[in-house]
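Peer 1: Below is one structure. I have some questions about it.
The values are calculated or read from the model by the stated rules, or taken from the named source; none is laboratory data. Computed from a prediction, not measured in an experiment: that's the story for all the values here. Please note: Cβ atoms are built from the backbone with ideal geometry, for glycine as well, and neighbour counts cover all protein chains shown.
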Amino acid sequence: MNPEESKQWEAVIEGLTGPLDWRLTVYRNDIDDMIAWYSGEEAYYNIGKARIEGVEWAGSFTTGLLSHQVTLEYLDPRDAKTNEILASRTKQQVKYQLDWRMAAIDWSLNYRYLGQSWDTNYNTNQRVRLGGISLWHIAASYPLTTRLTVRGRLANVLDKNYETAYGYQTSGREFYLTGTYAF
């Protein structure tokens, strides 16, 4: 197996339009010897050439005490020989983050949409479509002292069942509790 090699470029335009700080990025990545998994032999292999083209728009703005961040991404990931869409790669993605502070607690609400993608059912060696998914997460952090901060996060609030790779179920609702102490 050979290591992946790639040539890529991107063009970025940024601006400030009224209260909206935005960025538009267009990119292309040509990959030689792209590495993929083949379960028939239970091994990684080089699929040859792939081309990933995309466009991403990101914007942020503030409304009163609320900070908003929005990202829209369109991706066209293809095998350069067969022109098939690469496995386990969504073509559309939307992200939204809302941040605010209330009574010394920093809050964050996140939304993420992953569009449909394609993968392979390795039992039948046929392509299967994986549906899109919408996920919500909420987090909070509170400084107990000037040096100690506690953070909590509830991921996949609605306990959605989904797969980003065929046959591999992702975690359901998860809760994280962490702390940071600065010396």
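Peer 1: So which residues in segment 110-127 are modelled with pLDDT under 90, more than 10 Å from Ser88 (Cα to Cα) and not charged (D, E, K, R)?
Peer 2: To start, the set of residues in segment 110-127 that are modelled with pLDDT under 90 comprises 118-127.
Now narrow it down to the ones that are more than 10 Å from Ser88 (Cα to Cα): 121-127.
The answer is Asn121, Tyr122, Asn123, Thr124, Asn125, Gln126.
Peer 1: Say whether the condition of being acidic (Asp, Glu), in contact with a Gly (Cβ under 7 Å, 6 or more places away or on another chain) and under 21 Å from Lys95 (Cβ atoms) is met by at least one residue in segment 154-162. Walk me through it before giving the result.
Peer 2: If we filter segment 154-162 for residues that are acidic (Asp, Glu), which is where we start, we get 159.
So of that shortlist, the ones also in contact with a Gly (Cβ under 7 Å, 6 or more places away or on another chain) come out as 159.
Within this subset, residues satisfying the condition of being under 21 Å from Lys95 (Cβ atoms) are 159.
Yes: segment 154-162 contains one or more residues that are acidic (Asp, Glu), in contact with a Gly (Cβ under 7 Å, 6 or more places away or on another chain) and under 21 Å from Lys95 (Cβ atoms).
Peer 1: Something else about it: Can you find even one residue in segment 151-162 that is under 26 Å from Gly59 (Cα atoms), without any contact (Cβ under 8 Å) to a residue 40 or more places away in the chain and over 25 Å from the mean Cα position of the chain (by Cα)?
Peer 2: Among the residues of segment 151-162, not one is under 26 Å from Gly59 (Cα atoms), without any contact (Cβ under 8 Å) to a residue 40 or more places away in the chain and over 25 Å from the mean Cα position of the chain (by Cα), which makes the answer no.
Peer 1: Report every pair of residues separated by at least 6 positions or lying on different chains whose Cβ atoms are under 6 Å apart, first residue within segment 1-18 and of a type outside the set (Gly, Ala, Ser), second exposed (fewer than 10 other Cβ atoms within 10 Å of the Cβ).
Peer 2: none
Peer 1: Here is a further query. Would you point out which residue out of Ala36, Ala11, Ala50, Ala87 is assigned to a loop (DSSP other than H, G, I, E, B), in contact with a strand residue (DSSP E or B) (Cβ under 7 Å, 6 or more places away or on another chain) and over 29 Å from Ala139 (Cα atoms)?
Peer 2: Numbers: Ala36 fails: assigned to a loop (DSSP other than H, G, I, E, B); Ala11 fails: assigned to a loop (DSSP other than H, G, I, E, B); Ala50 fails: assigned to a loop (DSSP other than H, G, I, E, B).
Only one candidate passes the filter, namely Ala87.
Peer 1: Ok, one more. Tally up the residues in segment 109-121 that are exposed (fewer than 15 other Cβ atoms within 10 Å of the Cβ) and not in a strand (DSSP E or B), please.
Peer 2: Qualifying residue count for the region: 1.
Peer 1: Further question on the same structure: All but one of (1) surrounded by 11 or more Cβ atoms within 10 Å (Cβ to Cβ); (2) under 30 Å from Ile31 (Cβ atoms); (3) not aliphatic (A, V, I, L, M) hold for Asp106, so report the exception by its number.
Peer 2: (2)
Peer 1: On to the next question. Restricting to segment 136-169, name every residue that is modelled with pLDDT under 95 and surrounded by 14 or more Cβ atoms within 10 Å (Cβ to Cβ).
Peer 2: Tyr162, Glu163, Thr164, Ala165, Tyr166
Peer 1: Is it fair to say Ala43 is surrounded by 14 or more Cβ atoms within 10 Å (Cβ to Cβ) and either over 18 Å from Leu135 (Cα atoms) or not basic (Lys, Arg) (or both)? Working first, answer last.
Peer 2: Values: surrounded by 14 or more Cβ atoms within 10 Å (Cβ to Cβ): no; either over 18 Å from Leu135 (Cα atoms) or not basic (Lys, Arg) (or both): yes.
So Ala43 fails the test.
Peer 1: Would you check which residues across segment 72-94 are over 18 Å from Ala36 (Cα atoms) and surrounded by fewer than 17 Cβ atoms within 10 Å (Cβ to Cβ) and list them?
Peer 2: Passing the criteria: Leu72, Tyr74, Gln92, Val94.
Peer 1: (1) surrounded by 16 or more Cβ atoms within 10 Å (Cβ to Cβ); (2) at negative phi; (3) touching an Asp or Glu at 6+ places or on another chain (Cβ under 8 Å); (4) modelled with pLDDT under 95: which one isn't true of Gly172, the others all being true?
Peer 2: (1)
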